[in-house]
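The values are calculated or read from the model by the stated rules, or taken from the named source; none is laboratory data. Please read all numbers here as calculations on a predicted model, not as lab measurements. Note: ideal-geometry Cβ built from the backbone for every residue, glycine included; neighbour counts use all protein chains shown. The protein model used for the area step is the full one, side chains on, heavy atoms only, and it has no ligands, DNA or RNA in it. Shrake-Rupley method; radii C 1.70, N 1.55, O 1.52, S 1.80 Å.
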Amino acid sequence: MLVAASLTASSRDISARPTSPSPRVVVPRRQRKAPTENGHTAAVNGAHNRFTNLGIHHVSASGVVTGVFRRAFIPSNETDVDEGHDWDIFDINQAAELDLLEGDIDMTSGRNSIIGDSYRWPTTIPYYLEDSLEMNAKGVILKAFDQYRLKTCIDFTPWNGEKNYISVFKGSGPLCWFDTVNHKILSSSIQDLGVSSSALSLLSSYLNERTYRKAVQVLVQVLVISRLDYCNSLLAGNQQEGKQRLSIGNNCDRLGTVEHEFLHALGFWHEQSRADRDDYVNIMWDRIEPGKEHNFKTYDDKVSSALGVPYDYGSVMHYSKTSFNIGSEPTIVTNIPSFMDVIGQRMGFSASDLTKLNRLYNCTESSTFVDSCDFKQENICGMIQEPGNPKWEQSRSVSGGPQHDFTAMGQCKVWKDAAAAPAQAPTAPTAPTAGQCWGAGALAARLPGGQGYFMHFSTASAEPGQQASLESRWLYPKPGAQCLQFFLHNTGAADDVLNIWVREYDKATPSGKLNLFKSISGGVMGSWELHNVDLNVTQKARVVFQAVRGKSPSSGGFSLDDINLSSTKCPQHVWRIRNITRLMATTPAGEKLYSPRFLSPAGYSFQVGAYLNGRSDRQGYMGLYFHLTSGPNDHNLKWPCPWQQATMALMDQHSDIREQMNMHRMVTTDPDKVSSDGTEYYWDDPRKVGSKVTQSDGSFYYRGPGTGTSTFITHSRLRSRQFIKGDDAFFLLSLDDISDLLLPQPLPRSADYAEASAIKAVDQDSPQATASNHMEHPTKDLPSVLISA
């Protein structure tokens, strides 16, 4: 569904609700502790104090909490999942006091080279999602898998007993690796938490090996309560040693972060670890935190291969400019200054990331990509037309239609020298603006359009009832859901129609059977509009664009550009923000722009709010928040809203879906979450917990509290890529039911698993296992010598 509208300035919030009984204290159904404004900080500080009283002095959390994790002011009706911070992977892991190689690689097994076939996974990789993962993280991981499938030949399948597989969990500190490839608990690590070697020796003398390990495991669980969650991956490549673990903790549930960590598991080091790194960036060693210098080492090309791909400042695997810095100065300075704000992006795979991954795994095609066409080639992507007239025509511009194609609108043009550059090209490196190009250097500018081609059918020159069909080549999508995405420029009459058909071929109908999926007429006229059409094709097929001339007078027609087809689900809704550069120039910080309200497949009404110029305390960023709103189905829905995952994606308007680097953010409704004062369920019916919003026509609705991030994207990145094209931005929005992820992922019923289950059952019956299952009093059953060590 395409909705091309933004909130009118006359809409206003009124802090009023329907009359209701006095607030009551809510006790969550699963007895989860109600979040408070500083609940996490209090819990960590409380744990730290308890540990200090026990004589364990090396669990130092207070400095982390009061420094890195200090919360900024947040409006009372909003939850900032990032707590006002623009988290990178290394910030999260440093806050958890992890000293991992290059910030997010665990070196447990001691072997780490991507050169050699033995380190490659099969192109279909078994995975297991452990129960410790948050629901939102599970949904993000599955969406990251979709990106791998769309852009590479790598696929992921639930673990079914294969020897080697990736197990994903939520890490809770540096000593969560009890079930890694080595199955060891290192005494030196436990001693780092303040337990003496004599205490460990005494404990081991009283217990057998299995019980001793279990006791130490329980102790470590106690000691790491105050440690914050983190994200990392085990080594690089397939280590051929069974379960290979990968952590996705709090603040790691971002699409680009998950892609980054799985690239480590697939065999990739960080980009700045390349042997030729020093030719492209300068490492400022005097600005690096003492003891962290090893994170900036490079690897000889006999150990790690660049796969013949040039150095990539835009890689999702590159450190940010301030990684491991002491103050505010950068630790990495790019030799080309315009790339300083490019390095460290976590939007997603760059083109070079994909080239390297596809070369390493010998990919010749993507798993779910089907076709893409921008009509710049004379053969128009192999499309065909029926004999006779009228026809679709390949055009650069048309009278009564678009004056330029959509593909090249806003593309970067780089000139060799100042003499060749036109007047509009910038003359010095500056921060990117709407008219400049991201990382392209000083002599670059965005083109207004007219450099490429599109397909046009003129209804003005056709007779009423005449039609023309533009058919794709034979396509072979995977059975199931497919998404057809294209841009349409309509200047025809109100009754001119564009029909989207699919012609499927089988033995019974060798000439093909036509199925109609969508008809488009009227709507927004005179501009390039984004359309998404859900298809369901099960066999060889052609997509058919059929234009039909109506009876009313026409002065234009239909124009098509940038067609993409993939075996994926379409986004449910599109929010187009027009004239976004003008809006950013006139909207003050702290003011929110709201999308129209949309309906999810389950019937929930929602909208998205964007701080175009950031919150007043987070200027330089765009903030983005998800809200439930009152709607027509509220009386028939479950409240509090259970396990609906909102996907908010700022679209990179590249013509080929494989090269789009959309900026995603996902949040999930937890029905047990309560308000900061513990009196209401956070995701309850907006008519109960929301604010009344009166619109310009006098109608009103209720908007619930918002959840999102104040640091969705920096303004410099917003003006990069093709997020803004023709001065417009598109948000792709969906709200999906992920309640099926509440169930544990089924384990394979193999002989090995049966044996493991038996061992687990014995462990659970032991006194130590009982202690570990009662963490309200975690030290109760431990020897006193350990507690006081």
Is there a residue being in a loop (DSSP other than H, G, I, E, B) and more than 26 Å from Leu357 (Cβ to Cβ) anywhere in region 653-670? yes
Could you grab me the full set of residues in region 115-148 that are in a loop (DSSP other than H, G, I, E, B) and of a type in the set (Asp, Glu)? Glu130, Asp131, Glu134
Name the residue that is most open to solvent (accessible area, probe 1.4 Å), counting only residues in region 726-741 that are more than 18 Å from Val608 (Cβ to Cβ) and not in a helix (DSSP H, G or I). Asp737
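A quick yes/no check of all residues on (1) under 25 Å from the mean Cα position of the chain (by Cα); (2) among the β-branched types (Val, Ile, Thr); (3) at pLDDT 95 or above:
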position: Phe268; (1), (2), (3): yes, no, no
position: Asp279; (1), (2), (3): no, no, yes
position: Asn282; (1), (2), (3): no, no, yes
position: His294; (1), (2), (3): no, no, no
position: Lys297; (1), (2), (3): no, no, no
position: Asp301; (1), (2), (3): no, no, no
position: Leu307; (1), (2), (3): no, no, no
position: Phe324; (1), (2), (3): yes, no, no
position: Val333; (1), (2), (3): no, yes, yes
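One line per residue, one yes/no per condition, for (1) among the charged types (D, E, K, R); (2) more than 28 Å from Leu488 (Cβ to Cβ); (3) open to solvent by 30 Å² or more (accessible area, probe 1.4 Å):
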residue: Asp353; (1), (2), (3): yes, yes, no
residue: Leu357; (1), (2), (3): no, yes, no
residue: Cys363; (1), (2), (3): no, yes, no
residue: Thr368; (1), (2), (3): no, no, no
residue: Cys373; (1), (2), (3): no, no, no
residue: Cys381; (1), (2), (3): no, no, yes
residue: Trp392; (1), (2), (3): no, no, no
Pick from Thr538, Thr568: which is exposed (fewer than 14 other Cβ atoms within 10 Å of the Cβ), touching a residue at least 12 places away in the same chain (Cβ under 8 Å), under 30 Å from the mean Cα position of the chain (by Cα) and more than 26 Å from Gln466 (Cα to Cα)? Thr538
Across region 128-144, the tally of residues that are surrounded by fewer than 20 Cβ atoms within 10 Å (Cβ to Cβ) and within 19 Å of Asn238 (Cα to Cα) stands at 1
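Collect the residues in region 552-563 that are closer than 16 Å to Pro390 by Cβ and open to solvent by 10 Å² or more (accessible area, probe 1.4 Å), keeping them in residue-number order.
Of the residues in region 552-563, the ones closer than 16 Å to Pro390 by Cβ are 554-560.
Result: Ser554, Ser555.
Here's the yes/no breakdown for (1) touching a residue at least 12 places away in the same chain (Cβ under 8 Å); (2) touching a Gly at 6+ places or on another chain (Cβ under 9 Å); (3) not small (Gly, Ala, Ser); (4) not in a loop (DSSP other than H, G, I, E, B):
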{"position": "Asp278", "(1), (2), (3), (4)": "yes, no, yes, yes"}
{"position": "His294", "(1), (2), (3), (4)": "yes, no, yes, yes"}
{"position": "Asp301", "(1), (2), (3), (4)": "yes, no, yes, no"}
{"position": "Ala306", "(1), (2), (3), (4)": "yes, no, no, no"}
{"position": "Val309", "(1), (2), (3), (4)": "yes, no, yes, no"}
{"position": "Val316", "(1), (2), (3), (4)": "yes, yes, yes, no"}
I'd like to know if region 524-534 contains one or more residues that are under 34 Å from the mean Cα position of the chain (by Cα), open to solvent by less than 70 Å² (accessible area, probe 1.4 Å), under 23 Å from Gln653 (Cβ atoms) and among the acidic types (Asp, Glu). yes
Hey, could you check region 153-171 for residues that are in a strand (DSSP E or B) and either over 23 Å from Leu357 (Cβ atoms) or aromatic (Phe, Trp, Tyr) (or both) and say which is most open to solvent (accessible area, probe 1.4 Å)? Tyr165
Restricting to region 702-725, name every residue that is out of contact with any Ser or Thr (no Cβ under 8 Å at 6 or more places or on another chain) and open to solvent by 10 Å² or more (accessible area, probe 1.4 Å). Thr714, His715, Ser716, Arg717, Arg721, Gln722
Taking only pairs six or more apart or across chains, which ones have beta-carbon atoms under 6 Å, a first residue in region 508-535 that is more than 16 Å from Asn564 (Cα to Cα) and small (Gly, Ala, Ser), and a second residue that is open to solvent by 30 Å² or more (accessible area, probe 1.4 Å) and not in a loop (DSSP other than H, G, I, E, B)? Gly512/Arg503; Ser519/Val497; Ser521/Val497
What's the number of the only condition in (1) at negative phi; (2) surrounded by fewer than 20 Cβ atoms within 10 Å (Cβ to Cβ); (3) at pLDDT 65 or above that Pro422 fails to meet? (3)
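A quick yes/no check of all residues on (1) over 21 Å from the mean Cα position of the chain (by Cα); (2) among the hydrophobic types (A, V, I, L, M, F, W, C); (3) over 15 Å from Val81 (Cβ atoms):
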residue: His627; (1), (2), (3): no, no, no
residue: Asn633; (1), (2), (3): yes, no, yes
residue: Pro640; (1), (2), (3): yes, no, yes
residue: Gly690; (1), (2), (3): yes, no, yes
residue: Ser696; (1), (2), (3): yes, no, yes
residue: Phe730; (1), (2), (3): no, yes, yes
Scanning region 478-493 for residues that are assigned to a loop (DSSP other than H, G, I, E, B) and at pLDDT 95 or above, which turns out surrounded by the most Cβ atoms within 10 Å (Cβ to Cβ)? Gly492
I want to confirm something. Restricting to region 318-342 and keeping residues that are without any contact (Cβ under 8 Å) to a residue 60 or more places away in the chain and buried (at least 22 other Cβ atoms within 10 Å of the Cβ), which single residue is nearest to Asn282 (Cα to Cα)? Thr331
Pairing a residue in region 439-468 that is closer than 22 Å to Glu529 by Cβ with any residue that is modelled with pLDDT under 55 and open to solvent by 30 Å² or more (accessible area, probe 1.4 Å), where Cβ atoms lie under 6 Å and the two sit 6 or more apart in sequence or on different chains, gives Arg446/Gly435
Can you name the residue in region 494-507 that is in contact (Cβ under 8 Å) with a residue 24 or more places away in the chain and outside any strand (DSSP E or B) and is also least open to solvent (accessible area, probe 1.4 Å) among such residues? Asp496
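Within region 535-575, restricting attention to residues that are part of a loop (DSSP other than H, G, I, E, B) and of a type in the set (D, E, K, R), which residue is nearest to Asp496 (Cα to Cα)?
Arg549
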Give me the residue from region 669-700 that is among the aromatic types (Phe, Trp, Tyr) and over 21 Å from Ser734 (Cβ atoms) and, out of that set, surrounded by the fewest Cβ atoms within 10 Å (Cβ to Cβ). Phe700
Checklist (1) part of a strand (DSSP E or B); (2) over 18 Å from Lys569 (Cα atoms) applied to Ala646, failing item: (2)
